[in-house]
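Structure first, commentary second.
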Amino acid sequence: MKEPLLDAGIANMFQVDQNMIHITKTLQTGFRLSNGKTAYGPLLIVNNEAFTLKIPPPSPDPNGKIVNPLLLLDPKALAVLDIVTPKPELIVVGGGAQISPLSADARKYLTSIGLNVELANTRYASNTFNALSEEGRNAAFLALPVGVSA
């Protein structure tokens, strides 16, 4: 009987899992994904699954200032994070054309389930998510399309 080969503990850092979903292009109204699909509107990727989110579009506050939808994000829109296994270690959040904070409730929810939160504009967030995924890190991605500016 042959002994199994031992893992040398090295890996090709440039070899990417072809089944891993990543963002190949950020669009004004959505995202082109590595699986050939196009997702329109806000997007959540967790554990190699992509979900479109039903969150309100940018809208004016009583003073007429446009409010970024992430500031109004209800934690219930992220409930899938309660049931996924394994739980991501962090979530990269793209605020559209610029950085936008999350609603206090959404941020509190994400940190309560043990996720670190990184905020960026959507283009930067997409690149960060792709790089983390290629490194084998378990990261989630939440973003508005780049055409959203508020």
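The values are calculated or read from the model by the stated rules, or taken from the named source; none is laboratory data. Here the structure is a predicted model, which means the values were calculated and not measured. Virtual Cβ from ideal backbone geometry, glycine too; neighbours counted across all protein chains shown. Note: accessible area is taken over every heavy atom of the protein model, side chains too, but ligands, DNA and RNA are not part of it. Shrake-Rupley method; radii C 1.70, N 1.55, O 1.52, S 1.80 Å.
A straight Cα-to-Cα reach below 19 Å connects Lys54 with the lysines Lys37, Lys76, residues fewer than 8 places away in its own chain not being considered.
For the chain, the longest principal axis of the C-alpha atoms and the axis of helix 122-134 are separated by about 20°. Of interest is the spacing of the C-alpha centroids, which for region 66-138 and region 22-55 amounts to 13 Å.
Annotation: Arg32 carries an accessible surface of approximately 90 Å², with a 1.4 Å probe and no ligand, DNA or RNA atoms counted. Applying both filters, DSSP loop and at most 10 other Cβ atoms within 10 Å, to the GluC sites (Glu not before Pro) of region 106-143 gives Glu135.
Descending by average beta-carbon neighbour count within 10 Å, the peptides 78-85, 67-74 line up as 67-74, 78-85, the highest first. The calculated pair-distance distribution of region 73-145 uses every alpha carbon pair, bins of 5 angstrom beginning at 0, and gives 4, 17, 28, 26, 19, 6, 0 percent.
Surface composition of the chain: carbon and sulfur atoms hold 55% of the protein heavy-atom accessible area at a 1.4 Å probe. Rolling a 1.4 Å probe over the heavy atoms of the protein chains gives region 73-150 an accessible area of 45 Å² per residue. Counting only DSSP beta bridges with both residues in the chain, the antiparallel share comes to about 60 percent.
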